[in-house]
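Below you'll find the structure, written out as structure tokens, and then a few comments.
The values are calculated or read from the model by the stated rules, or taken from the named source; none is laboratory data. Just so it is clear, the structure is predicted and the values come from calculations on it, not from any experiment. Don't worry about glycine lacking a Cβ; one is built from the backbone with ideal geometry, like all the others, and counts go over all protein chains shown. Each accessible area value is taken on the protein alone, full model and side chains, heavy atoms only, with ligands, DNA and RNA left out. Shrake-Rupley method; radii C 1.70, N 1.55, O 1.52, S 1.80 Å.
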Amino acid sequence: MQRSGFNNARVRQANKQIFLSHLWREKQLSKSQLAQLTGLSIPAVSNILEELLDEGRICHSRETLSQRGLSSGSFHLPEQGAWMLCMNVTPTSLTSQLADARLVAVGDWQHEVINAATPEALLAAIASHWRRWRQRYPDITINLALGVHGQVDPITGASKTMPQAPWKTPVEIKYLLEERLGIQVRLDNDCVMLALAEKWQNPAANEDFCVINVDYGIGSSFVIHDSIWRGSLYGSGQIGHTIVNPDGIACDCGRYGCLETVASLSALKKQARVWMKAQPVPGKDPETLTTDMLIDAWRKGDVRIQAWVEHAASAIGLSLYNFLNILNINQIWLYGRSCAFGEPWLNTLRQQTGFNPFDHGDNPRAKATQIGFGTLTRAQQLMGIGYLYVESQLNEI
């Protein structure tokens, strides 16, 4: 009897988590919609909704979502509560989107260029950015959710390594900002931010997928069985440090020939600067070359840059081929400024991945490999990191 009761309690717990997950995704649902999504009967749905209402986890609205006019109203998450400032953090920029208690965007996303030469300067910039939002909404608690470049320990809230930063020591971002601002702070890697954004805001996302961010460096994040895979040392997703050329140039990680040294934007700019120094052109300073200038030259048909970009895409595609064989994840979304190289870059990358050797075309459940550009807006990407709070709340039920 005790075991049966325990199982029933676990089933109710799981059902409540499922209901809340659907409401976080859809924001508002009717009883019949929840029944369709979960496959449960209307009486069972009513019982679960009653429990969630009693616990204050959801609210009821008279607003009908049925075109037949036969609805008993709809259900949504509470509108009252702390808001979230979702922020992407690097030593050179802060990009943020404010969201309300239901993780609905408030206003437009903001971008701020910074120059953080020290950890203290970075913390001060984040705090200043938060205070400007706080001044606009002085009566509302605004917590922080940070997607941080580099390796992050999400449990302690520490930035372990930040490749673009001039410092090499860990920074206790969560503790120091909570002490300074008196709010809750959660953080994880910026690729986890993108993975959470896809998981919670893209209806087309599978239970198993990967996001790859090809920008200053190359990072990735895996969602396996609908959960972020972080690894025991929170270093999962280091696709940029797979070795593609053992005799290649040194990488910041200390090894040689990593994918980042060949295919990242920083690698492409370095290659272009070396060439510009060897073939100087009056009025063009190699040190002032920017990513936008590189992409513009590619669009205008610079054959050297086009060849470098194609080589970079081939290297990424080869790494993905190996990755597909190892994990057999067949849905990959690409983000980052390198996506501005467009369809030619993507097609070269796809050609290197070839095919899934384990898909013989005789399994109706098998899904063809999908590799494409991520379609979420910048605001949606930023709000992805806010779902750290959502997943924590769901795990506490």
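Hey, any hits in the range 125-133 for a residue that's open to solvent by 30 Å² or more (accessible area, probe 1.4 Å) and not polar (S, T, N, Q)?
Scanning the range 125-133, I find at least one residue that is open to solvent by 30 Å² or more (accessible area, probe 1.4 Å) and not polar (S, T, N, Q), so the answer is yes.
Is there a residue being open to solvent by less than 60 Å² (accessible area, probe 1.4 Å), assigned to a loop (DSSP other than H, G, I, E, B), out of contact with any Lys or Arg (no Cβ under 7 Å at 6 or more places or on another chain) and at pLDDT below 95 anywhere in the range 182-189?
Within the range 182-189 (the criterion being open to solvent by less than 60 Å² (accessible area, probe 1.4 Å), assigned to a loop (DSSP other than H, G, I, E, B), out of contact with any Lys or Arg (no Cβ under 7 Å at 6 or more places or on another chain) and at pLDDT below 95), the answer is no, since none of the residues qualifies.
Considering the range 325-353 alone, what residues qualify as being in contact with a helix residue (DSSP H, G or I) (Cβ under 6 Å, 6 or more places away or on another chain) and more than 16 Å from ILE218 (Cα to Cα)?
THR348, GLN352, THR353
Mind checking which helices (runs of 4 or more DSSP H) fall wholly inside the range 261-338 and carry at least 1 residues that are over 19 Å from ILE249 (Cα atoms) and among the hydroxyl-bearing types (Ser, Thr, Tyr)?
By residue number, 291-299, 303-327.
What single numbered condition from (1) touching a Leu at 6+ places or on another chain (Cβ under 9 Å); (2) buried (at least 18 other Cβ atoms within 10 Å of the Cβ); (3) not charged (D, E, K, R) fails to hold for HIS76?
Unmet condition: (2).
Here is a check on your reading of the model: is LEU320 crowded, with 17+ Cβ neighbours inside 10 Å, over 17 Å from GLY217 (Cα atoms) and touching a residue at least 12 places away in the same chain (Cβ under 8 Å)?
Spelling it out, it is not the case that LEU320 is crowded, with 17+ Cβ neighbours inside 10 Å, over 17 Å from GLY217 (Cα atoms) and touching a residue at least 12 places away in the same chain (Cβ under 8 Å).
Which is among the basic types (Lys, Arg), assigned to a loop (DSSP other than H, G, I, E, B) and surrounded by fewer than 24 Cβ atoms within 10 Å (Cβ to Cβ), of LYS168, LYS160, LYS174?
That would be LYS168, the only listed residue that is among the basic types (Lys, Arg), assigned to a loop (DSSP other than H, G, I, E, B) and surrounded by fewer than 24 Cβ atoms within 10 Å (Cβ to Cβ).
Kindly provide the set of residues from the range 370-397 that are under 20 Å from ARG57 (Cβ atoms) and not in a helix (DSSP H, G or I), ordered by number.
Once the filter is applied, which keeps residues that are under 20 Å from ARG57 (Cβ atoms) and not in a helix (DSSP H, G or I), the range 370-397 yields GLU396, ILE397.
Condition (residue is surrounded by fewer than 20 Cβ atoms within 10 Å (Cβ to Cβ), over 19 Å from the mean Cα position of the chain (by Cα) and either among the β-branched types (Val, Ile, Thr) or at pLDDT 85 or above (or both)) applied to the range 367-374: is it met by at least one residue?
Yes - at least one qualifying residue is present in the range 367-374.
Answer yes or no: is there a residue in the range 59-69 that is crowded, with 17+ Cβ neighbours inside 10 Å and either in contact with a helix residue (DSSP H, G or I) (Cβ under 7 Å, 6 or more places away or on another chain) or of a type in the set (Phe, Trp, Tyr) (or both).
no
Could you check how many residues of the range 75-101 are within 20 Å of MET193 (Cα to Cα) and either without any contact (Cβ under 8 Å) to a residue 12 or more places away in the chain or of a type in the set (D, E, K, R) (or both)?
The number of residues fulfilling the criteria is 1.
Name the single residue that is surrounded by the fewest Cβ atoms within 10 Å (Cβ to Cβ) among those in the range 18-38 being in a helix (DSSP H, G or I) and under 22 Å from the mean Cα position of the chain (by Cα).
Only one residue fits best here, namely GLU26.
Are any residues in the range 102-113 of a type in the set (Val, Ile, Thr) and either open to solvent by less than 20 Å² (accessible area, probe 1.4 Å) or touching a residue at least 40 places away in the same chain (Cβ under 8 Å) (or both), and if so, which ones?
VAL104
Which one of these is over 27 Å from LYS168 (Cα atoms), free of Cβ contacts under 8 Å to residues at least 60 places away in the same chain and open to solvent by less than 30 Å² (accessible area, probe 1.4 Å): ALA267, ALA313, ALA307?
None of the other options fit; the residue is ALA313.
Could you list all residues from the range 204-258 that are assigned to a loop (DSSP other than H, G, I, E, B), in contact (Cβ under 8 Å) with a residue 12 or more places away in the chain and open to solvent by 60 Å² or more (accessible area, probe 1.4 Å)?
If the condition is that a residue be assigned to a loop (DSSP other than H, G, I, E, B), in contact (Cβ under 8 Å) with a residue 12 or more places away in the chain and open to solvent by 60 Å² or more (accessible area, probe 1.4 Å), then GLU207, TYR216, HIS225, ARG230, TYR234, GLN238, ASN245, ILE249, ASP252, CYS253, ARG255 are the ones that fit.
Does any residue in the range 15-34 that is at positive phi come within less than 8 Å, Cβ to Cβ, of a residue that is hydrophobic (A, V, I, L, M, F, W, C) six or more places away or on a different chain, and which pairs are these?
Correct list of pairs: LYS27/LEU77; LYS27/VAL104.
I'd like to verify a number: residues in the range 138-155 that are loosely packed, with under 15 Cβ neighbours inside 10 Å and either over 22 Å from ALA99 (Cα atoms) or in contact (Cβ under 8 Å) with a residue 24 or more places away in the chain (or both), how many?
Summing the residues that are loosely packed, with under 15 Cβ neighbours inside 10 Å and either over 22 Å from ALA99 (Cα atoms) or in contact (Cβ under 8 Å) with a residue 24 or more places away in the chain (or both) in the range 138-155 gives 2.
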